[in-house]
Amino acid sequence: SLAARRMLPSARIIAFEVLPAALATYRKNFAGDDAVRIETVALSDRSGSAEFFVTDRQDCSSLLRPGKGQSDIYGVAAADRIVVETVRLDDHEDVSAFARPVLLKIDVQGAELMVLRGAIQALNAIEYVYVECSYTELYEGQALLSDVLDFMSEQGFRFCGALNTHFDARKGAVQSDCVFARVPA
């Protein structure tokens, strides 16, 4: 959000955060910025509530339980569990009313495809998606890059490339930020 604000000073930003410490930092960073809204819910493929795994490195917390890959590669483990409210983006925001172009940025620690599946209608009004994708399972039951590629293609997006790839000496490429663009009609 800070990078978006610097690059696009008039952009409207809607963010979603459930961790209290991260939420407090976000609110502090954007205090007085009327074009930024923070929602204290987790995006998912269903609206309701869900168990959320808080890890010993909070930026690795997720709706999915950290798996062996997360432990082996990053030394991260679940430290606590909380119950959070979840929403489908389709149930929460009318993206079709947003100023163009619309960028959806997703970094939800393994639950990326869950968020995308809850945004089928919203994706029809989105031009770009920037999403963290894993090549190896870090969270139990998470979708991998190939799953996200297939889903995004079915939704009318083309893969533009991968950025910020993290490599592990033993596992090779672990995850990347992937960019998708809507295929023109």
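The values are calculated or read from the model by the stated rules, or taken from the named source; none is laboratory data. Everything numeric in this text was worked out from a predicted model, so none of it was measured. Because the Cβ atoms are built from the backbone with ideal geometry, glycine has one as well, and the counts that use them run over all protein chains shown. Areas reflect the complete protein model, heavy atoms only, side chains present, ligands, DNA and RNA absent. Shrake-Rupley method; radii C 1.70, N 1.55, O 1.52, S 1.80 Å.
Rounded to a whole number, what % of the accessible area of region 117-185 do carbon and sulfur atoms account for, probe 1.4 Å?
Percent of accessible area from carbon and sulfur atoms in region 117-185: 50.
State the volume of the convex hull built on the alpha-carbon positions of region 136-185, expressed per residue in Å³ and rounded to an integer.
69
Taking the Cβ of TYR74 as the center, what net charge do the other residues with Cβ under 14 Å away carry, scoring Lys and Arg +1 and Asp and Glu -1?
Around TYR74, the charge tally is -2.
Averaged per residue, what accessible surface does the chain expose to a 1.4 Å probe, in Å²?
53
Report the gain in length on full extension from LEU149 to GLU137: 0.36 nm times residue separation, minus Cα-Cα distance, nm rounded to one decimal.
Working: separation 12, 0.36 × 12 = 4.32 nm, distance 1.57 nm.
Extending this stretch completely gives an extra 2.8 nm.
Amide H to amide H, which residues 5 or more places from SER47 or on other chains are under 5 Å from it, using H placed in the peptide plane?
Sorted by chain and number, the residues that satisfy this are ARG88.
Work from the charge dipole of region 1-82 (Cβ charges, +1 for Lys and Arg, -1 for Asp and Glu, about the Cα centre) and give the residue of LEU63, ILE73, ALA22 farthest towards its positive end.
With unit charges placed on the Cβ atoms, the residue in question is ALA22.
State to the nearest 20 debye the size of the charge dipole of region 47-156 about its Cα centre, where the only charges are +1 on K and R beta carbons and -1 on D and E beta carbons.
80
How much length, in nm to one decimal, is gained on full extension between SER10 and GLU85, taken as 0.36 nm per residue of separation minus their Cα-Cα distance?
Values: separation 75, 0.36 × 75 = 27.00 nm, distance 2.95 nm.
This chain segment gains 24.0 nm when fully extended.
Over all directions, what mean area does the Cα convex hull of region 1-52 project, stated in square nanometres?
Numbers: hull surface 17.0 nm².
Averaged projected hull area, Cα only: 4.3 nm².
With only alpha-carbon atoms counted, please give the Rg and Dmax of region 9-112, in Å.
For region 9-112, the Cα radius of gyration and maximum Cα-Cα distance read 15.0, 44 Å.
Go through 158-171, 63-76, 39-52 and give me the packing order, highest mean Cβ count within 10 Å leading. Intermediate values should be presented prior to the final figure.
Working: 158-171: 11.9, 63-76: 18.3, 39-52: 16.4.
Averaged packing, sorted descending, gives the order 63-76, 39-52, 158-171.
Using only the C-alpha atoms of region 82-185, find the volume of their convex hull and express it per residue in Å³.
Roughly 112 Å³ of hull volume per residue.
Over region 62-116, what number does the Rg to Rh ratio reach, with both radii from the alpha-carbon atoms and Rh per Kirkwood?
1.09
Reported to two decimal places, what Rg/Rh ratio describes the chain when computed on Cα atoms with Rh from the Kirkwood expression?
Here Rg/Rh amounts to 0.95.
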